[in-house]
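These notes are about the structure you will find just below.
The values are calculated or read from the model by the stated rules, or taken from the named source; none is laboratory data. Treat the numbers as computed from the prediction; the structure is a model and nothing was measured. Every residue, glycine as well, gets a Cβ built from its backbone with ideal geometry; the counts of neighbours run over all protein chains shown.
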Amino acid sequence: MVGQCIKPFLPRAELLNYFDAILRVYNRYGRRDNKYKARIKILVKDLTLEGFSREVESEWAHSRNGPDTISEAGFAAMEAFFDGPPLLVKHSPLDPVDADALRNNRAYSRWVQRNVALHRQPGYRLVTLTLKKTGIPPGDATADQMDVISVLAERFGTGEIRVTHEQNLVLPYVAREDLFELWAIASAYGLATPNAGLLTDVVCCPGGNFCSLANAESIPVANAIQERFDKIDYLFDLGPLELNISGCVNACGHHHIGHIGILGVDKNGEAWYQITIGGREGNRPNIGKVIGPSFAAADIPDTINILLETYVRLRNEGELFIDTVERVGLGPFRIAVYGAAHEANH
Ligand code: SF4
């Protein structure tokens, strides 16, 4: 389920009191006896949104204005941590070396397109160091890479490194004129694959290789997809596309909100994979819909290929995968994967 609003307006001073009330309600009524049902979302479903909200409001009546109320001085202290460091504005409009590189160096210009974002401070950029090189488990970095990342953060940023839920790292304050040098070093250490937000920027949980709750392995499936779709021209042609993989319904890989989601399921003791399409995060969140019966691991890359070919055939100019799915629905994708006869029975 997608999160729903239980409190349209809450004075910020009451945030901790209200969160405390939510946890108390969960603690009192939640299924703490069953690890598969020990989730707030399960309780919200059982009590209904209105019922859950009613319980929280009644609990909050006891803690409102209590000792955990946040003072304005408390907010000021917290905000001080997020001011951002003082910036040395050292940029030139466009460094000549950089301008040449953008014109002549395709790899660099692709990296700038995908892995560099505008910054609210003129002259600075946000840089994503992708941990999504083909053949490496998504989100993994070696000790040597981590050493390099720390040097990059010190030399080209402010020492700050942010971890994203897409399993990449972000240097939040990079001077525009330092981009080319940063890219050259990051490339040499496998930290500049220009695929941020593209198909092979797979979000993937540890799955059966590491997690005892898994129904199936996730990392080998991610690697198989990255190997199959390793042509950067094709990835750029496909455009932004999020593919997420979870090894079980706990959904640590956020498969349900991937434009394409892959979920490991157990069928009579064997690992299979269910595919969903149409999931979306952001301001218009949506849970992906299952396209049909599940697949063996070996069939996943071919099936993804069929979905992609269907998208390319049906898309309007400039239309993203997720928007094509929303426009045409699941039908054409199901027919392409399973055949018309299967679709007619649904
Ligand atoms: S989704 Fe399941 S298999 Fe993957 S890390 Fe979470 S609990 Fe483990």
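Annotations
- Contact map, the stretch 241-252: residues that are near the ligand (Cβ under 8 Å from one of its atoms) paired with residues that are in a loop (DSSP other than H, G, I, E, B) and among the hydroxyl-bearing types (S, T, Y), Cβ distance under 7 Å, separation 6+ or inter-chain. Pairs shown: S246/S218; G247/S218.
- Close contacts from the stretch 150-162, counting a first residue that is within 13 Å of W183 (Cα to Cα) and in contact (Cβ under 8 Å) with a residue 24 or more places away in the chain and a second that is surrounded by 13 or more Cβ atoms within 10 Å (Cβ to Cβ) and among the acidic types (D, E), with Cβ to Cβ under 7 Å and a gap of 6+ residues or different chains, come to F156/D178.
- Of all residues in the stretch 255-267 being of a type outside the set (A, V, I, L, M) and farther than 17 Å from P220 by Cα, the one that is nearest to the ligand (Cβ to nearest atom): H256
- Boolean, E72 is at pLDDT 95 or above and either more than 21 Å from V2 (Cα to Cα) or in contact with a strand residue (DSSP E or B) (Cβ under 9 Å, 6 or more places away or on another chain) (or both): yes
- Odd one out for W183, checked against (1) assigned to a helix (DSSP H, G or I); (2) within 14 Å of the ligand (Cβ to nearest atom); (3) not small (G, A, S): (2)
- The one condition in (1) within 30 Å of R110 (Cα to Cα); (2) within 16 Å of the ligand (Cβ to nearest atom); (3) surrounded by 21 or more Cβ atoms within 10 Å (Cβ to Cβ) that Y273 fails to fulfil: (1)
- For the stretch 135-161, the tally of residues that are outside any helix (DSSP H, G or I) and farther than 14 Å from V116 by Cα stands at 12.
- Single residue of G288, G292 found to be closer than 19 Å to G331 by Cβ and crowded, with 21+ Cβ neighbours inside 10 Å: G288
- Hits in the stretch 103-120 (condition: surrounded by fewer than 15 Cβ atoms within 10 Å (Cβ to Cβ) and farther than 21 Å from S187 by Cβ): L118, R120
- Qualifying residue in the stretch 28-39 (condition: at pLDDT below 95, touching a strand residue (DSSP E or B) at 6+ places or on another chain (Cβ under 9 Å) and exposed (fewer than 14 other Cβ atoms within 10 Å of the Cβ)): no
- Residue count, the stretch 185-194 (criterion: surrounded by fewer than 23 Cβ atoms within 10 Å (Cβ to Cβ) and either without any contact (Cβ under 8 Å) to a residue 40 or more places away in the chain or out of contact with any Phe, Trp or Tyr (no Cβ under 8 Å at 6 or more places or on another chain) (or both)): 4
- Count of residues meeting criterion [under 28 Å from the mean Cα position of the chain (by Cα) and basic (K, R)] in the stretch 32-64: 5
- Residue ID - nearest to the ligand (Cβ to nearest atom), chosen from residues in the stretch 205-240 that are without any contact (Cβ under 8 Å) to a residue 60 or more places away in the chain and among the small types (G, A, S): A214
- Those helices (runs of 4 or more DSSP H) of the stretch 294-346 in which at least 2 residues are among the charged types (D, E, K, R), considering only elements entirely within it, cover 300-314, 321-328.
- Test: G197 is surrounded by fewer than 20 Cβ atoms within 10 Å (Cβ to Cβ), under 25 Å from C252 (Cα atoms), in contact with an Asp or Glu (Cβ under 8 Å, 6 or more places away or on another chain) and touching a residue at least 24 places away in the same chain (Cβ under 8 Å): yes
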